[in-house]
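In what follows, a single structure is set out as structure tokens and then discussed.
The values are calculated or read from the model by the stated rules, or taken from the named source; none is laboratory data. All of these numbers come straight from a predicted model, not from anything done at the bench. Neighbour counts run over all protein chains shown; Cβ positions are idealised from the backbone, glycine included.
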Amino acid sequence: SRLYINKSIPSYYSRMVISHEMGHMILMAQDCVEAFGEGFPTYATILYVKLSGGIPVENFLEWTADMFFENFQSHPYFAIDYENNADQDLLYYAFGQSLFYMYLDEKWGNGRGEILPEILEHSKQNGTVVISGGIPSLESGENEPDLFDAINEVLEPMGGSFWGAIKEFSVWRYFTGELADDKHFQYAASLPPVAIDSRFETAQLPVAGMRPAYGPAETGTTYFEVGIDRSVIESEEDSLVLDISSTESANWYIAALTFNTDGTHTFNEFSSDNAAVYAAASSLSNALKVTFAITNMGDMVHDPDNHEFSTSNFEFSIHLYKKPVLTGLSPQQVTQGDENVEINITGAGFTDGINIDFGEGVTVLDMVISGSGDTIETKVNVSPDAPTGWHKLRLFYPHGPETSIDQGIEVLSGQGPEITGIEPQKGNQGDKMNVEISGTRFRRGAKVSFSGNGITVLRTDFLDENTIIASVHISPSAEIGKRNILVTNPDSKSFTAEDIFTIEQSKEFITPHEEEISGGCSCNIAGNEKTENVNEKGFGVIFLLMILMTTGFFISIRKLSLSPYRSIKKFILFVSGSIFLLIVFLTISASAETSSNADNQEIEKKVQRILDLLSPATSIAAKAPSPKKLSKCGTQNRVEAFRLWHSLPEKQKKDLGPLFDPPVPLGCFESTIYPIRSCYNTESQIPQAQAILGYAETSWRILIDEVGFWPPKRGNFSSPETGIDFYLGDTISMGAEAYTSPTGYDETSDHISCLSYIVINENMSPMDYYVTVVGHELDHGCQVSMDCTETFNSMESTSTWTEPILYPGSYYSFVYVLPEFQGYPERSVGYWNYNDTYMYGAALFIFYVEEFLGGKEPSSIARVWEGTVQSTMNNEPDLLDSIISLAGTQSIDFTTVFSKFGEWRYFVGSMDDGNHFEHGGGWRGGEVKINGTLDLSSPSRFPISISKDIQPLGYLFERVQSNFSSFPKGRLVITGQGSSNSSWDMELWFMKDRTIDKKEYAISDETGAAHLELESTELENSEEFVFMVLNLGKDVDWDQNWREQHFTASFDYLTYPVIDSVSPERVYLGEQRTLTISGSNFSPDFEVRIEGEGIEINRKSLGNDGKIYCDITVSADAPAGRRDITVINYPQYEGIYDTMEDAIEVTLPYTPCAVALDPDYGYAGQNPIVRMEGRDLTPDITLKFSCPEIEITRTKFIDSQTMFLYLKISPQSQEKTCDLEITDRFERNSSLPRAFSIISDIPDAQAEEQTEIKFNGGSCGCSIIM
């Protein structure tokens, strides 16, 4: 290759050029047919700067950012190797590709470029090259391996790959500009930021079925940002989930970056090879925003020689999924084969997109979520072969948070019960005994019966689906022989085991007479048929199945119709006719042909706009109905046309110049007091011209001599003079009563000052009306003399403000235009539009400035206008800057200025309270528009939200009616979320006697979130409130484009919990118990705290009955004594709790004690099942009989009062009575003396003997008489 350099290039720049071209020469020397060409040479230049040390790299990157990187970073969705030399706007995209080489060098190399020769070495290939027109191309062979193949070859030994680099580069290029950090590009702060395709706030979510503005081409990336409102994040498991799907690409990669308040960020990555992929970000409680970088990986065989860089679009949805709270469900039992079973699930936080899973064999058919999100009504089918037993219930969002309970629903067998065996299999006449029935598919509530007469089932204990114990009494006269046993489940399905139980002849025994026995527990037993008087408890629970929530909503309706009397101020020049305008337009069009097409089009647009502004036929003002009651001003037309005219080339300026020349009158009257001329066109207009001169003199005296506005200017641009000329003309046909027209800039002035003249409607009637019209226009002449760049809102609002000053008490015009301003409080105070009278009504703000900041001195407004005087054309300082400067002299800040104006504009007309505008009570019909009235009459109305699109320096007003004095103790929480591009002021006014008693306010943080919390005790003395939102913007400019920004305010009332009781009141060392906390107002999201150490809360839940259930473990070494229990509602907020002092006592458990055994006898050689009644029984107690002939083979614990003992009695046993000894885990002992008797067979002929045995004393303090 050979290098040519322009000899006129400066030496310092030639070094950069040479290094760049040397990069091309090196690339061609290694591989002269490589397609990916400009990125490598550009990075060679950067390396030269970096290694030569002449210029700091960061400075060089900043100087060249627009050329090298701006285009590349502005189009991240293009392919990494995209080229378009035909489009000037995209020419330098290829230079920006050097950023990819910078990444390779800094991440995989040493930052000194030494990895680049290695990459080039791997890109070599054989073939025949033909050079045509200085451009090489392959005649034979192909560019394989290409540069991307070479990158892959170099990175693979280091554990990387080309596609891995593409993924990682999508993250590196994001951390540039203001997001620069020390983990990515060394000079990232000097690089321009990457373009973001779409931005969202959490208040806008969910979004679904959307497409990006620009889908990425293969190797390109599209970026989304989501601002996080941390006040809505309730759990670390809440997740922000992005789902995308595409039919155009098979492979996607998403990097999810979560940026936190402490400046850190977390990174997660997701990929898919099936054209659909999701990304999720959690741990959002400290997050400011989440960024998703979506990269199109295509078919993973990207070829830089293929220049088809088509984009690949996709559909996406973004959801903020909150962790659902599960408190209960009903019913909890279903049967195999059931269909369309309705199940109600209760909790909180249920939203669209939630999934329900009951496990294998249970299919969810549909679901309906209540409006308040606390109930799901669902239907399920249960397959005939669904596994029986408890099924886990999972509530989850795809790729998002989930919650579950192990015992969700119990699947019962669709078949009836089946008996497989019993123990014991026989009993004697007169026996009272327990029979264990084994089998399958038993249900709680199953009933047991025996065939034939003489055998009674006293009670049935359901242990599990395989075991039932029936307590039976066999009559002494029962027929000997086989009996059937019938088990019937609650669904009426039953099973009969035939001849499974045998009744045998009775076996009688003799017991000692009148023996004194220590033991027993207040039981009376008479004769061999023992009847027991036992205290049994019945349990009943009533569940609350429905939670009623009422949600109100308010719909704000924008007024679509326009007033027939709305005013659009226009400047119109009375011209000779449409022929002249057509000739002018054609002349301009012809001269523009010599310019470039782009310049031509821009000039033509400006010319046409000027003609539209000034032509009666096309005037925007003329399109509106001519007002009959309101003087309209066309000044803004003339000023805008003048500003456009001044920006035209000289040829067009000369052609259009006559449009701004003053009319040529028949004659004029000249004031002898002030430099004012009033001109007329016909002699019949002389009285009007004379009247105008008089009004003008009065207006000059008031506005200039007394108030202090600078006088207007007229004459020649190079030698202007102080003064103004009035003309009469037909302005009504052009849609205006009058206008002030600039004629040019004062070339002698040290600030932007315009010369002007005024045209008044020649047919105006009555003539007395001239006093305000003339003064209004004269003030415009003063304004353009002081600052010819000020906004139209500033001009028209100020001139409307002057009218009552010129004609004291004349608020007629102002009251007419005020409703337009007050009817759209969401618009900026500085907003203006040709098509309405809003900017005239904005005079209310000027009245406010005069009265609140200016001490009711009109001269303060003239001083404010003096503050706008400037020497540049960018309207800085503007009227807003000057007003804020005036406020600053009184130590009043920007926020206070507009917060107070929100208050003042509220107390207008019928709302006047006498403390604000001096004449505000007379401005009836000018009341500010109230968005709606929030009915917060009861806690059931919460939560409720309102939303509004508000421009910067715009407002939202909402009345709030409630009776907080009737509410339970609680806290009102108002959470606001607006765009993070603005700052927001959120206020609640407490009203009393039609005025503000006090205010509470909150200013948003950097994310646009604002938060107010008010205790019910603060609210209970007020029944009416006003809620105001003010969009304070950020760095507000009076000239800005007033774009609406969204704001949502959510109101919630958080009740304080009330604890009435805790059960049980005593817990024991080393035990696990369930505490029941009764009371009211427990929130679905709650915490329970138990004072002191040694008690662990394993699980807590809020039942449908409104009670809190806590499973606790008391450690064996927990300190004894009484403990306080605290319930905290809404733990994310501070201080919403109730504490019950000394709620429970931690102590050693009572010593377990046996009261009675049933039956209390058994036969030698038998294996009876004995029911033991007692107190404070636990599963881990040790049981032992004093007789070695009795072995306890196993036990089954039912509850603290009941256990079953499975005994084995030796066949060689003699008749005797045995004590039962109990030992607990604390090595404490108790006993039941003479608890059980062993009976041996005796002759049937032996007579029955009535006996009486008396038990006294014993460890249970009971007596038993037989």
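Just a few scattered comments:
- In segment 144-165, the residues that are under 44 Å from the mean Cα position of the chain (by Cα) and in a loop (DSSP other than H, G, I, E, B): Gly159, Gly160, Ser161
- In segment 435-464, residue modelled with the lowest pLDDT [restricted to those that are surrounded by fewer than 18 Cβ atoms within 10 Å (Cβ to Cβ) and in a loop (DSSP other than H, G, I, E, B)]: Arg444
- Per the listing Phe1082, Phe1051, the residue uniquely among the aromatic types (Phe, Trp, Tyr), surrounded by 14 or more Cβ atoms within 10 Å (Cβ to Cβ), outside the structural domain of Asp1180 (by TED's automatic domain parsing) and not in a strand (DSSP E or B) is Phe1082.
- Filtered residues of segment 830-886 (kept if of a type in the set (Gly, Ala, Ser), touching an Asp or Glu at 6+ places or on another chain (Cβ under 9 Å) and either buried (at least 18 other Cβ atoms within 10 Å of the Cβ) or not in a loop (DSSP other than H, G, I, E, B) (or both)): Gly830, Gly841, Ala842, Ala843, Ser859, Ser860, Gly867, Ser882
- Counting only helices (runs of 4 or more DSSP H) that fall entirely inside segment 633-704 and contain at least 3 residues that are of a type in the set (Gly, Ala, Ser), the qualifying elements are 686-700.
- Filtered residues of segment 1128-1166 (kept if out of contact with any Lys or Arg (no Cβ under 6 Å at 6 or more places or on another chain) and among the charged types (D, E, K, R)): Glu1134, Asp1138, Glu1141, Asp1160
- Residue, surrounded by the most Cβ atoms within 10 Å (Cβ to Cβ), within segment 1010-1048, restricted to residues that are among the polar types (S, T, N, Q) and closer than 20 Å to Ser983 by Cβ: Asn1031
- Residues satisfying the stated conditions in segment 337-352, i.e. within 23 Å of the chain's Cα centre (by Cα) and surrounded by fewer than 16 Cβ atoms within 10 Å (Cβ to Cβ): Thr351, Asp352
- Some residue of segment 1140-1153 being more than 60 Å from the chain's Cα centre (by Cα), assigned to a strand (DSSP E or B) and within 30 Å of Leu463 (Cα to Cα): no
- Qualifying residue in segment 422-432 (condition: within 30 Å of Ser330 (Cβ to Cβ), of a type outside the set (A, V, I, L, M, F, W, C) and in contact with an Asp or Glu (Cβ under 9 Å, 6 or more places away or on another chain)): no
- Which listed residue is of a type in the set (Asp, Glu), touching a residue at least 24 places away in the same chain (Cβ under 8 Å) and under 30 Å from Asp66 (Cα atoms), from Asp182, Asp197, Asp229, Asp238: Asp197
- Residue match in segment 1087-1104 (condition: within 21 Å of Leu1148 (Cβ to Cβ), in contact (Cβ under 8 Å) with a residue 60 or more places away in the chain and either not assigned by TED's automatic domain parsing to the domain that holds Ile405 or not aliphatic (A, V, I, L, M) (or both)): no
Residue-wise test of (1) of a type outside the set (Gly, Ala, Ser); (2) farther than 30 Å from Ala165 by Cβ; (3) out of contact with any strand residue (DSSP E or B) (no Cβ under 7 Å at 6 or more places or on another chain); (4) assigned by TED's automatic domain parsing to the domain that holds Ser239.
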residue	(1), (2), (3), (4)
Asp305	yes, no, yes, yes
Ser312	no, no, no, yes
Ile318	yes, no, no, yes
Asn340	yes, yes, no, no
Gly349	no, yes, no, no
Gly353	no, yes, no, no
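Conditions (1) farther than 16 Å from Asn637 by Cα; (2) outside the structural domain of Ala887 (by TED's automatic domain parsing); (3) touching a Gly at 6+ places or on another chain (Cβ under 9 Å), marked per residue:
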residue	(1), (2), (3)
Cys782	yes, yes, no
Gln822	yes, no, yes
Gly830	yes, no, no
Asp836	no, no, no
Gly854	yes, no, no
Pro858	yes, no, yes
Ile861	yes, no, yes
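- Where strands (runs of 3 or more DSSP E) fall entirely within segment 347-434, those with at least 1 residues that are among the hydroxyl-bearing types (Ser, Thr, Tyr) are at 362-369, 375-382, 402-412, 418-423.
- Residues (in contact with a Lys or Arg (Cβ under 6 Å, 6 or more places away or on another chain) and assigned to a loop (DSSP other than H, G, I, E, B)) located in segment 319-346: Asn340
- Ile409 being of a type outside the set (Phe, Trp, Tyr), at pLDDT 90 or above and surrounded by 20 or more Cβ atoms within 10 Å (Cβ to Cβ): yes
- Verdict on Asp182 being assigned to a loop (DSSP other than H, G, I, E, B), among the charged types (D, E, K, R) and either out of contact with any strand residue (DSSP E or B) (no Cβ under 6 Å at 6 or more places or on another chain) or not assigned by TED's automatic domain parsing to the domain that holds Phe60 (or both): yes
- Test for Glu168: is it of a type in the set (Asp, Glu), modelled with pLDDT of 85 or more and either over 27 Å from Tyr253 (Cα atoms) or assigned to a helix (DSSP H, G or I) (or both): yes
- Phe845 being of a type in the set (Phe, Trp, Tyr), at pLDDT 95 or above and under 17 Å from Gly909 (Cα atoms): yes
- Highlighted here are the helices (runs of 4 or more DSSP H) found entirely within segment 1-106 that include at least 3 residues which are more than 27 Å from Asn152 (Cα to Cα): 11-31, 57-68.
- For segment 1154-1176, the tally of residues that are touching a Gly at 6+ places or on another chain (Cβ under 9 Å) and either under 15 Å from Leu1220 (Cα atoms) or not in a loop (DSSP other than H, G, I, E, B) (or both) stands at 4.
The rows are residues; the columns are (1) part of a loop (DSSP other than H, G, I, E, B); (2) farther than 30 Å from Arg1099 by Cα; (3) among the basic types (Lys, Arg).
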position: Thr247; (1), (2), (3): yes, yes, no
position: Ala279; (1), (2), (3): no, yes, no
position: Ser283; (1), (2), (3): yes, no, no
position: Val301; (1), (2), (3): yes, yes, no
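- Residue in segment 1154-1170 that is acidic (Asp, Glu) and within 48 Å of the chain's Cα centre (by Cα) present: no
- Screening Pro1119, Pro1131 for residues that are under 15 Å from Asp1085 (Cβ atoms) and either at pLDDT 95 or above or not polar (S, T, N, Q) (or both) leaves exactly one candidate, Pro1131.
- Of all the listed residues (Val154, Val130), the sole one being without any contact (Cβ under 8 Å) to a residue 60 or more places away in the chain, over 23 Å from Glu178 (Cβ atoms), touching a His at 6+ places or on another chain (Cβ under 9 Å) and of a type in the set (A, V, I, L, M, F, W, C) is Val154.
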